[in-house]
Each structure stands twice: as structure tokens, then as C-alpha cells.
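Trainee: Right, I'll just put the structure down here and ask away after.
The values are calculated or read from the model by the stated rules, or taken from the named source; none is laboratory data. Computed from a predicted structure; not experimentally measured. As a convention, Cβ positions derive from the backbone with ideal geometry for all residues, glycine included, and neighbour counts pool all protein chains shown. Calculation scope for accessible area: heavy atoms of the full protein, side chains included, ligands and nucleic acids excluded. Shrake-Rupley method; radii C 1.70, N 1.55, O 1.52, S 1.80 Å.
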Amino acid sequence: LVVPTTGMAERVTRILPGVRDRLVVRPHPVSASAIPDVPRRPAILCPVLFSPFKGMEERLTALVQAMDAVTDPAVPLLVTATEAEVPAALRASPRVELVGRLDHLDLRRLWASSQAICFPTDVESFGYPLAEARVSGHPLIALDTAQNREVAGPALCGFLPGDHASLQHAVQAALTREIRPDPAPFDPDAYFDWLLARRS
């Protein structure tokens, strides 16, 4: 049984303790070519689909406040949501640009041209957005948790929940830090070579 993170392994064994000896932690493969290499502009992309349980109004409000405190007013927050999904107070912020729900190709282009990515939710079970940021060398604003550190590695600009100072620091770091692309932990060839060898 293959799971992508230590945190998920712990959740699986909590429910199914009998599979502990058959559980292997192996990051999901992510192609290094998934995000094009293009010039970046000072912008933060938040590519989170809105759902009631994610608390995105509160999270984006805190992010806008942090950006207002430490960044140039011209730096936009790009949000993959429609006007119907975002409360009026956030829509009124001159910093927030609603780009709508994008297809994969358009999202890749917007991701590639943004300086930093923000993924503020409590947990991303499979770690894809965090892994993609690490692979493409994009600073990632996300909660400072063991799982996020494991998946995002050096790309993580972590913050503590409810700690405005740490969020401001994470925003500053994300807009100034240079991150080298780190595709090795997620190499598809290595993953499938390992998987097929295990099955043979």
C-alpha cells in the first residue's frame, strides 16, 4: 500500500492498523515539465477551489492584510474563483484579482508567471500543489506543518495559523526568496521503475 506522505501513513494506520507492515511512503510523481519556465512577475497565485469547509474567506482576508502590511500595493493576489464565490469585502480589495476557474493549461501559464503560490488550507492530502511548487521552484506560502515541510521542502514559506506576524514574514519571504527547482523527489521515471520492480 503506497501513500504519498508520512502524515497520510499515520492516518491510514490509525484506521487500519493491520496494514502497518505493508505501508510504504513514496511521494506521488510530478512531471518537471508540468509548469513552464517563463519570466515571473511580482504576484501571488492562490489556486484553491472554494468549498465551505476550507474557510477561504477568513484565509484570504488574512492574506490580503499581510500583503497590505509588507508588500507594494501593485502586487496582486490572483484567486481562482468567480465573483459569486467571493464575499463583497474581498472583491472590493484593489489587490484581489479574480481569474475564475481555469482549465489546466491556463492555470499552468498563470502559475508559471507568478512569483509565489499560496495554498493556505489546513491539509492537502495528496500534496500535489505543494509538490508542484517545489518541482517548479516557486516559493509556497502555506501552513508550517510537518506534512507541508515534508512535501514542499525548501519551497515552503511557512506560517502559523492565526499568527499574523508569521504570515507577513511568509509573504515577504515568498516574494524575495529564490527557490531552485527540485524535481528529484517526485521523478516519474524513478517512481514507476520502483513500483514495477516491487510488482515483479
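Trainee: Which residue, chosen from THR5, THR121, VAL171, occupies the Cα position most advanced towards the positive end of the dipole of the chain, where the dipole is computed from +1 (Lys, Arg) and -1 (Asp, Glu) charges on Cβ about the Cα centre?
Mentor: Positive-most Cα among the choices belongs to THR5.
Trainee: Compute the long axis of helix 188-199 from its Cα atoms, compare it with the longest principal axis of the Cα atoms of the chain, and write down the angle in degrees, 0 to 90, nearest 10.
Mentor: Roughly 30 degrees between the two axes.
Trainee: If you don't mind, there's one more thing I want to ask. Considering all projection directions equally, how large on average is the shadow of the alpha-carbon convex hull of the stretch 1-95, in square nanometres? Kindly include the intermediate steps, with their values, before the conclusion.
Mentor: Details: hull surface 36.8 nm².
Reported value for the Cα convex hull: 9.2 nm².
Trainee: Still on this structure: 5 Å is the cut-off here: which amide hydrogens, built 1.01 Å from N in the peptide plane, fall below it relative to LEU78, excluding neighbours closer than 5 in sequence?
Mentor: ILE44, LEU45, CYS46, GLU97
Trainee: To the nearest µm²/s, what D does Stokes-Einstein give for the stretch 49-138 at 20 °C and 1.002 mPa s, using the Kirkwood radius over alpha carbon pairs as Rh? Display every interim value, and only then the final one.
Mentor: Working: Rh = 14.1 Å.
Once the numbers are plugged in, D ends up at 153 µm²/s.
Trainee: For the stretch 107-200, what is the Kirkwood hydrodynamic radius in Å, using each pair of distinct C-alpha atoms?
Mentor: Details: mean 1/r = 0.0718 Å⁻¹.
Evaluated on the stretch 107-200, it is 13.9 Å.
Trainee: Moving on. Determine, from the Cβ-Cβ distance of ARG20 and ASP189 and an R0 of 35 Å, the FRET efficiency 1/(1 + (r/R0)^6), rounded to the nearest 0.05. Mind showing how you got there, number by number?
Mentor: Working: r = 29 Å, r/R0 = 0.83.
With a Förster radius of 35 Å, E is 0.75.
Trainee: Determine, from the Cβ-Cβ distance of ASP144 and ASP68 and an R0 of 25 Å, the FRET efficiency 1/(1 + (r/R0)^6), rounded to the nearest 0.05.
Mentor: Working: r = 22 Å, r/R0 = 0.86.
The formula returns an efficiency of 0.70 here.
Trainee: Also: Quick one: pull the percent of accessible area on the chain belonging to carbon and sulfur, 1.4 Å probe, ligands and nucleic acids left out. Show your work: numbers first, answer last.
Mentor: Details: 5790 of 10570 Å².
Whole-percent figure for carbon plus sulfur exposure: 55.
Trainee: Could the peptides 171-183, 107-119 be put in order, highest first, of the mean number of other beta-carbon atoms found within 10 Å of their residues? All intermediate terms of the calculation are to be shown ahead of the outcome.
Mentor: Working: 171-183: 16.6, 107-119: 20.4.
Highest-to-lowest ranking by the protection proxy: 107-119, 171-183.
Trainee: Oh, and also: Expressed as a rounded percentage, what relative contact order does the stretch 85-166 have, with Cα pairs under 8 Å and six or more residues apart?
Mentor: Numbers: 80 pairs, mean separation 16.8, N = 82.
Across the stretch 85-166, relative contact order equals 21 percent.
Trainee: Give the dimensionless ratio obtained when the Cα radius of gyration of the stretch 42-200 is divided by 2.2 N^0.38 Å.
Mentor: Numbers: Rg = 16.1 Å, N = 159, 2.2 N^0.38 = 15.1 Å.
The value comes to 1.07.
Trainee: If you fit an axis through the alpha-carbon atoms of helix 164-176 and take the longest principal axis of the Cα set of the chain, what angle between them do you get, 0 to 90°, nearest 10?
Mentor: Taking Cα atoms only, the helix is inclined about 80 degrees.
Trainee: If you don't mind, there's one more thing I want to ask. Between ASP103 and HIS28, what FRET efficiency comes out of the Förster formula 1/(1 + (r/R0)^6) with R0 = 22 Å and r the beta carbon distance, rounded to 0.05? Don't skip to the end; give the middle numbers.
Mentor: Numbers: r = 21 Å, r/R0 = 0.97.
Step by step, r from the Cβ atoms, then E = 0.55.
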